[in-house]
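Visitor: Mind having a look at this structure? Questions to follow.
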Amino acid sequence: MSESPAVERLIEKALAARGSVPLESILAELVPVPRLRAVVQERGVSPKGFRVEAAPAAALAQALVRDLDPELLKVAISELVAATKPTPIVRSGPVRKPAAEPTAEAATKSADELAVELERARAHLAAAVAAQQRNEARGAELDRRVAQQEQTIASLRGELASSRTRQADATPASRDDQRETERRLRAAESELEVLARAEEDYRRRLAEQQTAMRALEQRNEELEEMVPKNRRRRPPPPPPPPPAERFRIPHLTADFYRSLAGRDQRTIEATFDAIWRFATSGYSYPGLEVKQLEGVDLWSMRAGIKVRVYFRPRADGDVDILAAGDREEQDTLLRRLR
C-alpha cells in the first residue's frame, strides 16, 4: 500500500537525519494549513518573514515551536493528534436525518452580533488613531526641545572653551563667569538627558501603538468580510481636514525688545523659536500652550519652563508681540500692558 506524499516526505527526512525529525516538520506535513493559520492567529504569533494570511505551512509551524512555549507546544501537539486521528468506520444501520439547517432567526442574530462587534472594533480603531495623533504631536514637541537643548549645549561649550583659552590672564570676575557657564552647561546636559529618555519612551509607545493599530485594522477587515453585505453599516465619513493655517506676521514692539534686556542667550533663543512656531502653526500647536488671559484682551504662549510671551491679536489675523517674562513677573507685566 502506497503512503501519502506527506508521510513519504517525513520518512525521507527521518532517514536523512538518522531517525530524528523536527516537530515543526511533522506539523507542517500533517496538520492542514488552515488549522495552523487559525492557531497562529488565535495565539497572536507572527511567522518570520511572512504575513499570517500568506505564510506557508513551514513558517506557520516554525512560529509555533520556535520559542518552546509550553502552551503553544500543547496546542500544536493537540492539533497534530487531531489531524492524525483515524477516521471512524461507518457501520450499516438506520440512516440518521441530517442536522437541521440553522433558522433564519439564528442567522440574523449572528449577523447582528457581528455587526455590533464590527462597530465596536471601528470605535477602538478610531480611539487608537486619536491617541496616535496625540503621541505624534508630543513626539514632535520633544524633538524640538531636544534640538534646542543640543544647540544651547553647543553654545555653552563654545563659551566655556573661549573662557578657558583666556584663563591665564583671567580676573576674578571672569573666573566667576566661567564657573557660572560650567554650572549652566551641567544643568543643560542634565535636562537634555531627561528629554532624551522621555523621547525614547514616546518612540517606544508610538511603535507599540502602531502594532496595535495594525492588529485592529486587520480585525476590522476580517469582520467586514464576515458580516453579510445587507447587514453592514456604512462607516461614518471621515472628518474634514482642518483648514490650512495662514502665516501670522508677528509685529515685535519696542516693549518686547526691552523685556528681553538682560536675559540669557538661551531664553532669548527659546522666545524667538516660540514666536516662529506660533507664526507658522497657529494657536493649536501643542507645545506652546496658547491661552487667553482672563478678563483682558491679551494672550500668552509658552517659550520655556518659566518664560511666557504675551501678545495681542490684530483684526487682520496678525499679532503684536508685547513682552516676554517669567511667571513671577506676570502681574507686573499685565498691569503695564493693560
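The values are calculated or read from the model by the stated rules, or taken from the named source; none is laboratory data. Because the structure is a prediction, the values reported are computed rather than measured. Note that each Cβ is placed from the backbone with ideal geometry, even for glycine, and that neighbours are counted across all protein chains shown. The accessibility values were calculated without ligands, DNA or RNA, using every heavy atom of the protein model including side chains. Shrake-Rupley method; radii C 1.70, N 1.55, O 1.52, S 1.80 Å.
Visitor: Can you list residue pairs whose Cβ atoms sit under 7 Å apart, with the first residue in segment 323-338 being assigned to a helix (DSSP H, G or I) and the second being small (G, A, S)? Count only pairs 6 or more apart in sequence or on different chains.
Guide: L333/A323; L333/G325; L337/A323
Visitor: If we scan segment 89-102, do we find a residue that is open to solvent by 50 Å² or more (accessible area, probe 1.4 Å), on the phi < 0 side of the Ramachandran plot, polar (S, T, N, Q) and modelled with pLDDT of 75 or more?
Guide: Within segment 89-102 (the criterion being open to solvent by 50 Å² or more (accessible area, probe 1.4 Å), on the phi < 0 side of the Ramachandran plot, polar (S, T, N, Q) and modelled with pLDDT of 75 or more), the answer is no, since none of the residues qualifies.
Visitor: In segment 10-30, is there at least one residue being in contact with a helix residue (DSSP H, G or I) (Cβ under 9 Å, 6 or more places away or on another chain) and within 21 Å of E221 (Cβ to Cβ)? Reasoning before the result, please.
Guide: If we filter segment 10-30 for residues that are in contact with a helix residue (DSSP H, G or I) (Cβ under 9 Å, 6 or more places away or on another chain), which is where we start, we get 10, 13, 20-30.
With the extra rule that they be within 21 Å of E221 (Cβ to Cβ), the set shrinks to none.
Scanning segment 10-30 turns up no residue that is in contact with a helix residue (DSSP H, G or I) (Cβ under 9 Å, 6 or more places away or on another chain) and within 21 Å of E221 (Cβ to Cβ).
Visitor: Residue check, F247 against (1) open to solvent by 80 Å² or more (accessible area, probe 1.4 Å); (2) outside any loop (DSSP other than H, G, I, E, B); (3) modelled with pLDDT of 75 or more, all met but one. Which one?
Guide: For F247, the exception is condition (2).
Visitor: Could you tell me whether E329 is open to solvent by 30 Å² or more (accessible area, probe 1.4 Å), on the phi > 0 side of the Ramachandran plot and out of contact with any Phe, Trp or Tyr (no Cβ under 7 Å at 6 or more places or on another chain)?
Guide: no
Visitor: A further question follows. Can you tell me which residues in segment 285-322 are open to solvent by 10 Å² or more (accessible area, probe 1.4 Å), over 18 Å from R145 (Cβ atoms) and without any contact (Cβ under 8 Å) to a residue 40 or more places away in the chain?
Guide: Passing the criteria: K291, Q292, E294, G295, D297, W299, R312, P313, A315, D316.
Visitor: Being surrounded by 11 or more Cβ atoms within 10 Å (Cβ to Cβ), modelled with pLDDT under 70 and under 38 Å from the mean Cα position of the chain (by Cα) is true for just one of A111, A126. Which residue is that?
Guide: Values: A126 fails: modelled with pLDDT under 70.
Residue meeting the stated conditions: A111.
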